[in-house]
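The values are calculated or read from the model by the stated rules, or taken from the named source; none is laboratory data. Note that the coordinates shown come from a computational prediction; the quantities given were computed from them, not determined experimentally. No Cβ is skipped: glycine too gets one built from the backbone with ideal geometry, and neighbour counts run over all protein chains shown. Accessible surface areas use protein heavy atoms only, side chains included; no ligands, DNA or RNA. Shrake-Rupley method; radii C 1.70, N 1.55, O 1.52, S 1.80 Å.
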Amino acid sequence: MCSRSPEEQRVNVYQADITQPLDFADDGSFDLVLCPLVLDNIADWHPVFAEFFRVLRSGGRFVFSCGNPTADFIYTQSKQLTPGNYFEVEQFTMEWHGFGEPYPVLTSYRRSWQAVLNPLIEAGFVLERILEPQPTEQFRLTDPVGYAKLMCEPGFLCMRARKP
């Protein structure tokens, strides 16, 4: 337990169109960039990762999650949602059945492992951790079939990188 003043506990949160320059941010002005399941909606990660690198201070962290490249390729091919070139970044549209009522149209980009890792490396980040999460016990109680599948196959990818 930490004893910090209210000023030290304060966090500023910003929301932005990350396909555009972050004109509200100076170089090295942020400690953390967090992108949970956002990047799947963007075709080209190179300018996005370069901008995140620019706004992070030295030692700052970039944490993101996205669809697992292996799982996304297998899924899109089984449903015939993309032409089928693993090495291309390919857009696909599907009905999402994740939580509650289906979302009628979800457009996303499927990419290879190299298309996930190379923009991160080329921007200058140091990869600290990769996690292919498995479902929780609560998910097993809610969706036993989905739980069994995700215990044997990847679903998502979580990554943590640092600006040196």
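Read through the list (1) open to solvent by less than 60 Å² (accessible area, probe 1.4 Å); (2) in contact with a Ser or Thr (Cβ under 6 Å, 6 or more places away or on another chain); (3) of a type in the set (F, W, Y), then give the number of the only condition that F52 fails. F52 satisfies every listed condition except (2). Taking the stretch 95-151 as the range and being under 29 Å from F62 (Cβ atoms) and open to solvent by 90 Å² or more (accessible area, probe 1.4 Å) as the test, the residues that pass are F99, Y103, Q114, I121, E122, R129, E132, Q134, Q138.
Could you name every one of the helices (runs of 4 or more DSSP H) located completely within the stretch 44-140 that has at least 3 residues being more than 25 Å from V33 (Cβ to Cβ)?
Numbers: elements: 46-55, 69-78, 113-123.
Those helices (runs of 4 or more DSSP H) span 69-78.
Whether any residue in the stretch 72-79 is under 22 Å from F49 (Cα atoms) and either under 15 Å from the mean Cα position of the chain (by Cα) or of a type in the set (D, E, K, R) (or both) is what I want to check. Yes, because at least one residue in the stretch 72-79 is under 22 Å from F49 (Cα atoms) and either under 15 Å from the mean Cα position of the chain (by Cα) or of a type in the set (D, E, K, R) (or both). Assessment of the stretch 22-36 against the conditions (modelled with pLDDT of 95 or more, surrounded by 14 or more Cβ atoms within 10 Å (Cβ to Cβ), of a type outside the set (A, V, I, L, M) and out of contact with any strand residue (DSSP E or B) (no Cβ under 8 Å at 6 or more places or on another chain)) yields no matching residue.
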